[in-house]
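What follows is a short report on a single structure.
Bear in mind that the values in this text are calculations on the coordinates, not laboratory data. If you're wondering where the values come from, they're calculated on a predicted model, not measured in any experiment. For neighbour counting, all protein chains shown are included, and Cβ atoms are generated from backbone atoms with ideal geometry for every residue, glycine included.
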Amino acid sequence: MRAMVLAAPGSSLELRDVPVPRPGPGQVLVKVRACGVCRTDLHILDGELCGIRSPVIPGHEIVGIATEVGPEVHTIHAGDRIGIPWLGHTCGSCRHCRSGRENLCSAAQFTGCTQDGGYAEYAVADARFCFLLPKGFSDTELAPWLCAGLIGYRTLRMAGDARRVGIYGFGAAAHIVAQLARHEGREVFVYTKPGDVAAQAFARELGAVWAGDSDVRAPAELDAALLFAPVGSLVPKALADVGKGGTVVCGGIHMSDIPQFSYDLLWGERQIRSVANLTRRDGEEFIELARRIPVRTTVVPFALERANEALETLRNGRLTGAARCSKCPDDRDRRSHLALFPLAVRPRGEARCLERLRRIRCNRSPEMTGLALRPRGRYLLATLDAREAASHSFMQASRSDT
Ligand SMILES: [Zn+2]
Ligand SMILES: [Zn+2]
């Protein structure tokens, strides 16, 4: 099978032909239909996490079809569409596992990090850690649920019953969390990179009551702050934004150093906490909630062999439909699409967005950029030039991945 392999941290992925893995006892073999590209993949490429296997096939937002189940698998059958998340295995017997906190298990295995993941045509997984996925959503649309959605959900739950929730950084997880929070009747305040007015407009379109630069105070005192941007200097800023008893939740797996700050910022029983990984219970709860809302994500598909390009696009914050490609993704070739995280989530504005795309498509120019949206089971392919793309707010809005 074809796989994009990380030979060692610090290098790019290499396209290799490797044997299709065999499912052992308790495992399932999955034909990969889509795999999301996550910021954690960048931390793996850069060697910023411990325990990364070498070589390894990255990818932990896997949507695929079970093609073969090993002995002792009873919950999944061949033909089921399942999701494989970041948490790949736990010991089941340590004090964390026994107390409902398997996300903290010291012997845990992680998909696409300590064991092979989904940047390949096939993957094997421990069946107990896979999720059955709901109908009514496309493969690529579901991929971001498997990490951005799950971690976002756990991050939001750490905020308890906070009514005014601040979201710092407006990328994959934030887009999904904004939908969950709005569904639960919370007020959402969004902070973006200073000056990213398009992202702020987009956040407001998604239902944020306020959106602005991350270095200004919000107009109201927050009950909780959710940090998705991997920027340590946002921690004291977020502490200043929350009121007494407020919580600052750091949702990322890696963050730059947190600068020194005055105790006054923590005083008043404010808390700072991190979110580590996920539990299977988080997954079950999130998928059921996301199905009911329903959470909508739109993704930019890249072919498997273009994984390096997809990762660099994410790294540079250029995630947009304007990622340059020589050939537009072809809907008929569903074997190996990587789903980049959501370009846009538009429960209400979708029709308008599509109309704009249609107009752009009619206006082709020699300098082509490919864009693919998959809003309702069909890709809409548009070609547009870079300047034109930049002039459209929905493109700019999706640029911010911090
Ligand atoms: Zn354990
Ligand atoms: Zn992830």
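Cβ-to-Cβ counts within 10 Å put Cys94, Cys130, Cys35 in ascending order as Cys94, Cys130, Cys35, the fewest first. The fewest-to-most ranking of Lys193, Lys135, Lys237, Lys244 by surrounding Cβ atoms within 10 Å reads Lys135, Lys244, Lys193, Lys237. Highest mean packing comes first when the peptides 96-109, 137-150 are listed by Cβ atoms within 10 Å, giving 137-150, 96-109.
In loop segments of the stretch 218-312 as defined by DSSP, the chymotrypsin sites (Phe, Trp or Tyr not before Pro) with at most 16 further C-beta atoms inside 10 Å of their C-beta are Phe261, Trp267. Residues His183, His254, ranked from the fewest to the most other C-beta atoms within 10 Å, line up as His254, His183.
Distance from the Cα centroid of the stretch 237-261 to that of the stretch 158-236 is 13 Å (rounded to whole angstrom). Each distinct pair of alpha carbons in the stretch 2-146 adds a 1/r term; the inverse of their mean, the Kirkwood radius, is 15.3 Å. Taking Lys and Arg as +1 and Asp and Glu as -1, the other residues whose beta-carbon sits under 12 Å from that of Val20 total -1.
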